[in-house]
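Report on one structure; see the data block that follows.
The values are calculated or read from the model by the stated rules, or taken from the named source; none is laboratory data. Just so it is clear, the model here is predicted, and its values are computed rather than measured. For neighbour counting, all protein chains shown are included, and Cβ atoms are generated from backbone atoms with ideal geometry for every residue, glycine included.
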């Protein structure tokens, strides 16, 4: 069994990097607290495993539309992924 152990420094580095990249909205990289709880609630409500079949076609369509732009101008990742 392989397992990773994250030190406090690793966590701090990930949080700092996420802020520098403008990913403060991404709850997976947020420090635990009320803003994190609210985003987690919203995510769980809309992306429940039992609802996959309802949003999967839209996700696939969005990826197919996004990839050509991303391949052409990868430096615009943030702008392209926000559409």
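Overview of values
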read-out: Residues of segment 13-54 classified as under 22 Å from residue 79 (Cα atoms) and either in the same structural domain as residue 76 (by TED's automatic domain parsing) or in a helix (DSSP H, G or I) (or both), total; value: 12
read-out: Which numbered condition residue 42 misses (of (1) modelled with pLDDT of 75 or more; (2) surrounded by 10 or more Cβ atoms within 10 Å (Cβ to Cβ); (3) under 15 Å from residue 82 (Cα atoms)); value: (3)
read-out: Pairs where the first residue, in segment 66-83, is in the same structural domain as residue 25 (by TED's automatic domain parsing) and the second is modelled with pLDDT under 85, C-beta under 8 Å, 6+ apart; value: none
